[in-house]
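Below you'll find the structure, written out as structure tokens, and then a few comments.
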Amino acid sequence: MSSNMNPKEMPDSPLLTRRGFLTASAGASLFMVAGGIPGIAWAAKKPPFSLPPLPYAEDALEPHISSKTLKLHYGKHHQGYVDKANKLVKGTKYEKMTLEEIMLNTAGKSGKEEGIYNNTAQIWNHTFYWKSMRPDGGRKPPKNLMKKIEASFGSFEDCKKQLGQAAKDQFGTGYAWLIKDGDTLKAISTEDAENPLAKGMTPLITIDVWEHAYYLDYQNRRAEYVDAVIENLIDWEFAAKNLGE
Ligand code: MN
């Protein structure tokens, strides 16, 4: 893939063939981007942002996630982050950066930057969350991913167990992620809008565990929601593509 493709021409995956992207050391004020980000189209978009299309119909994840939940989560919450981010970046230096660049350059900062980070990261996280699921998901990962899962977790069952535990144990709002850290895969959780890319990790899959993701369908039973997503909805092919191999 060329590294200077127009975002519109970029294929939707793999996500992290961004060679030379995270080249700045941690704490540097600007992440260096060599010739554009060879990543997924929506992460390379510049403001004003618009709501990326949902990859399936609003009722496609039923009975595990209802159309009522998707309608609100996608149409109101995700849209809300898009609107807020557009408002916050207007007239700032961030207007010229891509979604991902804005997110990475505001990570860990306070003041106005904190709001910009939270809202751009939420656009990123939600777009990634929709793609982490599909109507006929669950099942087994493709071979190349399965090998890495077995090397890192021992077995696919243990990988699912650890991902589920990260999601269930996250206190308050946040996300559970399957990530690649160096050569190892790990199941981690993050708080609020926090995105693992800002820590130099490669996200493969995410599960939103903010209450708005499950409360209408499961009320306080987050564990049931998490198990339903892992067993029936996770798109392991999307995860495999994000390995960037
Ligand atoms: Mn959410």
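Each value in this text was obtained by applying a stated rule to the coordinates, not by laboratory testing. Because the structure is predicted, anything quoted here is derived from the model rather than measured. Heads up, the Cβs are rebuilt from the backbone with ideal geometry, glycines too, and the neighbour counts pull from every protein chain shown.
Pairs over the 19 Å Cα-Cα cut-off, from the set K148/K241; K76/K241; K46/K68; K131/K241; K96/K241; K46/K84: K76/K241; K46/K68; K96/K241. Normalised by 2.2 N^0.38 Å, where N is the number of residues, the alpha-carbon radius of gyration of region 143-243 equals 1.03. Straight-line reach from K90: taking Cα to Cα under 13 Å and skipping same-chain neighbours fewer than 8 places apart, the aspartates and glutamates in range are E113. Of the trypsin sites (Lys or Arg not before Pro) found in region 128-158, the ones in coil according to DSSP and having at most 14 other Cβ atoms within 10 Å of their Cβ are R139.
Put simply, the amide H of N242, placed in the peptide plane, has neighbours under 5 Å in L15, leaving out anything fewer than 5 places away on its chain.
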